[in-house]
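Asker: Take a look at the following structure, please.
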Amino acid sequence: MSTTVRAAAKINLHLGVGAPREDGFHPLDTVYQAISLYDDVTVAEAEEDSLSVAGSAYIDVRDVPGDASNIAVRALAEAACRSPHHVRITKQIPVAGGMAGGSADAAAALLAHDRLHGLSQPDEVLLAQAARLGSDVPFSLVGGTARGRGRGEVVEPVADRGPWWWVVVPARTGLSTPDVYRHFDRLHPDAPAQPAEPTGLLAALASREPVRLARTLHNDLQEPAIDLRPELGALIQRGEAEGALRGMVSGSGPTCVFLCDSQEGAMAVMAALSASYDVVLPAIGPVAGAHVVEVL
Ligand code: ATP
């Protein structure tokens, strides 16, 4: 028997970062949105534990750990799973791209394991397991649009009257999230303890006006990401020159996302960027959190 769960990539419409706390973590005030790029994770009963990874043509599966360090495998350990399983991951979400691909896989594995064995654990139990695996994992379970505080793991759904149209441009090589935070600390040794709040953005999300949303997008990690990868700045300028309402780095990067005024607008920006960039993908948001797509 096997269960397959689909989980979406996230972008951060707002990412306010405060000065590191005593425990070394940065306090965050963020608004996540799940967008229509997905990883599928199948958990199947097996004779012994194993893992296989496949993905879209633009994914280099060698970047994904093939051993027990893979976060989907760690999710099964977190779920106190005792019997052996085969885990199959099919990736569409760029690896180390600032889109929480690993977190999506962890959330999908937790849910697939729960459903495969008919456990039907309450949401609070799955969310607590998710938070122990990583700051973005609870949001990957919940999906939609949600505000995240603490390290990002305390999630609360927010009103969003989308859909919003996005164009996504992944980079060939990933950026390490810890490196981007370290660079943030170097650039902002005097960062405030309290991260910036998303007040204007929350009103824009409820308005259904893309121009308003574009004005209120905010990412404190964009500056350090561009400082580490100057070509991201050029990409953002190019997308905006081609008609996107706003381009931004997704989370810690290096994927860049462009908010467009409509589906037609997104298609035009895609066509223009495709002349210079190998991989340019359309997406809408918000979409659902982790959900079962196949039971065999
Ligand atoms: P975030 O935005 O949450 O910081 P990210 O999108 O930048 O994450 P991921 O794709 O989650 O980055 O991958 C970060 C690292 O985690 C990878 O470089 C890889 O070594 C490791 N990893 C472990 N398991 C997975 C997985 N299932 N998929 C992708 N990467 C994984």
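Asker: Quick check: the distance between the Cα centres of segment 209-278 and segment 120-153, to the nearest angstrom?
Answerer: Each part's Cα centre sits 27 Å from the other's.
Asker: What angle, in degrees between 0 and 90 and rounded to the nearest 10, separates the Cα long axis of helix 231-241 from the longest principal axis of the Cα atoms of the chain?
Answerer: Approximately 60 degrees, to the nearest ten.
Asker: Another one. Per-residue HN-Hα couplings for segment 30-37, Karplus 6.51 cos²θ - 1.76 cosθ + 1.60 at θ = phi - 60°, whole Hz, x for Gly and Pro?
Answerer: Using θ = phi - 60°, the values come out as 9, 10, 8, 10, 7, 10, 7, 10 Hz.
Asker: Could you work out the helix-only [θ] at 222 nm for the chain, with each DSSP H run of four or more residues adding -39,500 (n - 2.57) and the total divided by the number of residues, to the nearest 500 deg cm²/dmol?
Answerer: The helix contribution divided over the chain gives -9500 deg cm²/dmol.
Asker: Which whole-number percent of Cα pairs in segment 214-296 have a distance greater than 14 Å?
Answerer: Cα-Cα pairs of segment 214-296 separated by over 14 Å account for 66 percent.
Asker: Tell me, what does the Kirkwood hydrodynamic radius of the chain come to in angstroms if you use every pair of distinct C-alpha atoms?
Answerer: 19.2
Asker: Okay, moving on. Mind listing the phi-derived Karplus ³J(HN,Hα) values for segment 166-181, rounded to whole Hz, using 6.51, -1.76 and 1.60 with θ = phi - 60°, and x for any glycine or proline?
Answerer: Working through the residues one at a time gives 10, 10, 10, 10, x, 9, 5, 10, x, 10, 7, 4, x, 4, 5, 5 Hz.
Asker: How long is the gain from ALA206 to SER262 if the chain were fully straight, where each residue apart is worth 0.36 nm and the alpha carbon distance is subtracted?
Answerer: Extending this stretch completely gives an extra 18.5 nm.
Asker: For the chain, take the longest principal axis of its alpha carbons; what is the angle in degrees between that and the long axis of helix 123-133, to the nearest 10 within 0 to 90?
Answerer: 70
Asker: So which residue, out of ASP136, ASP114, ASP179, gets the largest mean-square fluctuation from a GNM of the chain using Cα contacts under 10 Å as springs?
Answerer: Top of the fluctuation ranking is ASP179.
Asker: Find the centroid of the Cα atoms in segment 44-88 and in segment 14-35, then give the distance between the two in whole Å.
Answerer: 28
Asker: What does segment 148-208 give for Rg and for Dmax, in Å, if only its C-alpha atoms count?
Answerer: 15.6, 38
Asker: Taking springs between alpha-carbon atoms closer than 10 angstrom, which of VAL137, VAL87, VAL61 fluctuates most in the Gaussian network model of the chain?
Answerer: Highest fluctuation of the listed residues: VAL61.
Asker: SER2 versus SER83, label points 7 Å from Cα toward the beta carbon: distance in nm?
Answerer: Rounded to a tenth, the inter-label distance reads 1.6 nm.
Asker: State in Å² the accessible area per residue of segment 1-126; use a 1.4 Å probe, count heavy atoms of protein chains only, and round to the nearest integer.
Answerer: 40
Asker: Using a 1.4 Å probe on the protein chains only, how many percent of the accessible area of segment 36-80 belongs to carbon and sulfur?
Answerer: Answer for segment 36-80 is 48 percent, counting heavy atoms of protein chains only.
Asker: Can you compute the charge dipole magnitude of the chain about its Cα centre, using +1 on each Lys and Arg Cβ and -1 on each Asp and Glu Cβ, nothing else charged? Give it in debye, rounded to the nearest 20.
Answerer: 400
Asker: Can you give the log10 of the normalised intensity I(q)/I(0) at q = 0.12, 0.14, 0.15, 0.20 Å⁻¹, computed with Debye over equal Cα scatterers of segment 1-148?
Answerer: Debye intensities relative to I(0), on a log10 scale: -0.48, -0.64, -0.74, -1.23.
Asker: While we're here: So which GluC sites (Glu not before Pro) in segment 46-98 pass both tests, a DSSP loop state and at most 16 other Cβ atoms within 10 Å of the Cβ?
Answerer: Details: sites: GLU47, GLU48, GLU78; in loops: GLU47, GLU48.
For GluC sites (Glu not before Pro) across segment 46-98 that sit outside H, G, I, E and B with at most 16 neighbouring Cβ atoms in 10 Å, the list reads GLU47, GLU48.
The values are calculated or read from the model by the stated rules, or taken from the named source; none is laboratory data. All values derive from a computational prediction rather than experimental measurement. Reconstructed Cβ throughout: ideal geometry from the backbone, glycine too, with neighbour counts over all protein chains shown. We work out accessible area using only protein heavy atoms, side chains counted, and drop any ligands, DNA or RNA first. Shrake-Rupley method; radii C 1.70, N 1.55, O 1.52, S 1.80 Å.
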